[in-house]
Amino acid sequence: MKICHTAEVKNKYINPTRSKFTILGQVCNLIPKHLVPRLARESGVDSRTFSPWSHVVSLLDAQLSHSIGLNDVCDSLHLHSGSLSAIRGATPPSRNGLSNANRERPCEMAEKLFWSVTNALGQQHPDFIRGKSRGPAFRFKAPISIMDSTVVELVANSMDWAKHRRRKAAAKTHMRLSLQSLLPQCVIIDTAKEHDNKRARELCAGLEEGEITIFDKAYIDYGHLLDLGNRGVNWVTRAKDNMAYDVCEKFPVAKGSKIISDEVIVLKDEKKAAPEYMRLVRAWVEVDGKQREMTFLTNKLEWSAQSVVDLYRCRWEIEVFFKQIKQTLQVADFLGHNANAVRWQIWIALLVYVLLRYLSHLAKWPHSFTRLFTVLRAGLWEKFDLFGLLKCYGTAGGSFRNLAVPEQAYFAGF
């Protein structure tokens, strides 16, 4: 395998450094050695025939190779059983063995594995968790998180537990994402029929005083907004169309700006639990090439109106996050149809995302997340030094962000 890097050397080829381990093995070795066996014991997983480590490696391979079914995963791992055994003694599964493990082993083990690995990587490199200021909110020093959900469509075999509509089944992933690090801070995987605001309190449970959270109006629960304010958490969202309110104070608006109005309001229903005062900002926002009036709501009365609009624009990052997960990792073709198997696969997909982000951070990867995924998938069973491969990889010069940059603001659902 020869990879050309025309940005540094023209008409010459660079061979990545050889390694004792495959690319898959080096990715798996990012997981602390004794973590999976310990979590398996805590979860009561039976490991007599198909070890929990082999199970985790199989699902990691399914994500990185973008396998579309049980036979796809099992056949590939059996063909590479020699290289697979070098990954801490992992063994290839049988079709029934992998299916049974996805169905019977508690998905809480996958959830604990995800958070444990994320914390372990953060302890090794605190900058990975800390992240950096980005987007229109670069001037804010406080931690900023974004809340949203995405629907994952399922086949009709999942109708018994995930019925969404009359003839459709779907799961929903609620998430709180750090704007600075672009890493999940809270994840809830449930059925799609439940409304978003039912999960708002659970998603915000870990927020601390002084932090900022951004979410769309589907998560609005006025009693919850009051609780956030009492805890010292600042929030920005969009106002509901049917919100009844009285104006207490109006702030001046500069002529020629895109801010239409800037007001302090109270809800008309005094019996409803809600913040005593809220800030209502109307502004013109460009959507699909057209100027559109939007109304924003926050509990922070001291910010400028433009700061409120800029903060909400940052919600775009979680839309791009979901787009990357769905278009790059394997969360479309599931290896099982029951709730436990679906949750296993989603948690492992998120784990792969964090591992690739960590590699990107260490290697100072200048290209897109999708390109990082494809180069690893292409050389999954090759014995190249992983960081050496990433260093010499690429056929185009220049620097690229890890996330796409929208040319204009886009607010999903509006």
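The values are calculated or read from the model by the stated rules, or taken from the named source; none is laboratory data. Note that the coordinates shown come from a computational prediction; the quantities given were computed from them, not determined experimentally. A quick note on method: Cβ atoms are made from the backbone with ideal geometry, for glycine too, and the neighbour counts reach across all protein chains shown.
Determine which member of the set LEU267, LEU297 is at pLDDT 95 or above and surrounded by 15 or more Cβ atoms within 10 Å (Cβ to Cβ). Step through it out loud before you land on a result.
Details: LEU267 fails: at pLDDT 95 or above.
Answer to the check: LEU297.
Here is a check on your reading of the model: is PRO16 touching a Phe, Trp or Tyr at 6+ places or on another chain (Cβ under 9 Å), over 15 Å from LEU351 (Cβ atoms) and buried (at least 17 other Cβ atoms within 10 Å of the Cβ)? Let's see the steps before the verdict.
Details: touching a Phe, Trp or Tyr at 6+ places or on another chain (Cβ under 9 Å): yes; over 15 Å from LEU351 (Cβ atoms): yes; buried (at least 17 other Cβ atoms within 10 Å of the Cβ): yes.
Here the answer is yes, as PRO16 does meet what is asked.
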Going through region 200-250 one residue at a time, which ones are of a type in the set (Ser, Thr, Tyr), at pLDDT below 95 and farther than 19 Å from VAL264 by Cα? TYR219
What is the one condition in (1) closer than 24 Å to GLN324 by Cβ; (2) in contact with a helix residue (DSSP H, G or I) (Cβ under 7 Å, 6 or more places away or on another chain); (3) surrounded by fewer than 18 Cβ atoms within 10 Å (Cβ to Cβ); (4) polar (S, T, N, Q) that THR150 does not satisfy? (3)
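Output yes when any residue across region 191-211 is within 30 Å of GLU111 (Cα to Cα), hydrophobic (A, V, I, L, M, F, W, C) and out of contact with any helix residue (DSSP H, G or I) (no Cβ under 9 Å at 6 or more places or on another chain), and no when none is. Steps first, answer last, please.
Within region 191-211, the subset within 30 Å of GLU111 (Cα to Cα) is 191-211.
From what's left, hydrophobic (A, V, I, L, M, F, W, C): 192, 200, 203-205, 207.
Now narrow it down to the ones that are out of contact with any helix residue (DSSP H, G or I) (no Cβ under 9 Å at 6 or more places or on another chain): 205.
Yes, region 191-211 has at least one match.
From the list ALA156, ALA101, ALA86, ALA110, pick out the single residue that is more than 30 Å from GLY232 (Cα to Cα) and in contact with a strand residue (DSSP E or B) (Cβ under 9 Å, 6 or more places away or on another chain). Please lay out each step first, then the result.
On the way: ALA101 fails: in contact with a strand residue (DSSP E or B) (Cβ under 9 Å, 6 or more places away or on another chain); ALA86 fails: in contact with a strand residue (DSSP E or B) (Cβ under 9 Å, 6 or more places away or on another chain); ALA110 fails: in contact with a strand residue (DSSP E or B) (Cβ under 9 Å, 6 or more places away or on another chain).
Just a single option satisfies the conditions, and that option is ALA156.
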Regarding VAL236, is this residue touching a helix residue (DSSP H, G or I) at 6+ places or on another chain (Cβ under 9 Å), touching a residue at least 60 places away in the same chain (Cβ under 8 Å) and either in a loop (DSSP other than H, G, I, E, B) or surrounded by fewer than 18 Cβ atoms within 10 Å (Cβ to Cβ) (or both)? no
Does any residue in region 62-74 that is within 15 Å of LEU356 (Cα to Cα) come within less than 8 Å, Cβ to Cβ, of a residue that is in a helix (DSSP H, G or I) and basic (Lys, Arg) six or more places away or on a different chain, and which pairs are these? LEU64/ARG377; SER65/ARG377; HIS66/ARG377
Of the conditions (1) closer than 20 Å to SER304 by Cα; (2) part of a strand (DSSP E or B), ASP246 fails just one. Which one is it? (1)
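Provide a single number: the residues in region 107-125 that are in contact (Cβ under 8 Å) with a residue 12 or more places away in the chain and either in a helix (DSSP H, G or I) or buried (at least 17 other Cβ atoms within 10 Å of the Cβ) (or both). Before the answer, list the steps.
Step one: of region 107-125, the residues in contact (Cβ under 8 Å) with a residue 12 or more places away in the chain are 107-114, 116-118, 120-121, 125.
When the remaining residues are screened for being either in a helix (DSSP H, G or I) or buried (at least 17 other Cβ atoms within 10 Å of the Cβ) (or both), the result is 107-114, 116-118, 120-121.
Counting residues in region 107-125 that are in contact (Cβ under 8 Å) with a residue 12 or more places away in the chain and either in a helix (DSSP H, G or I) or buried (at least 17 other Cβ atoms within 10 Å of the Cβ) (or both) gives 13.
Mind listing whichever residues of region 85-106 are among the small types (Gly, Ala, Ser) and either closer than 22 Å to LEU380 by Cβ or surrounded by 19 or more Cβ atoms within 10 Å (Cβ to Cβ) (or both)? If you could, list the steps in order and put the result at the bottom.
The first filter runs over region 85-106 and keeps only residues among the small types (Gly, Ala, Ser), leaving 85-86, 89-90, 94, 97, 99, 101.
Once the filter is applied, which keeps residues that are among the small types (Gly, Ala, Ser) and either closer than 22 Å to LEU380 by Cβ or surrounded by 19 or more Cβ atoms within 10 Å (Cβ to Cβ) (or both), region 85-106 yields SER85, ALA86, GLY89, ALA90, SER94, GLY97, ALA101.
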Per-region count, region 97-120, residues more than 24 Å from MET175 (Cα to Cα) and hydrophobic (A, V, I, L, M, F, W, C): 2
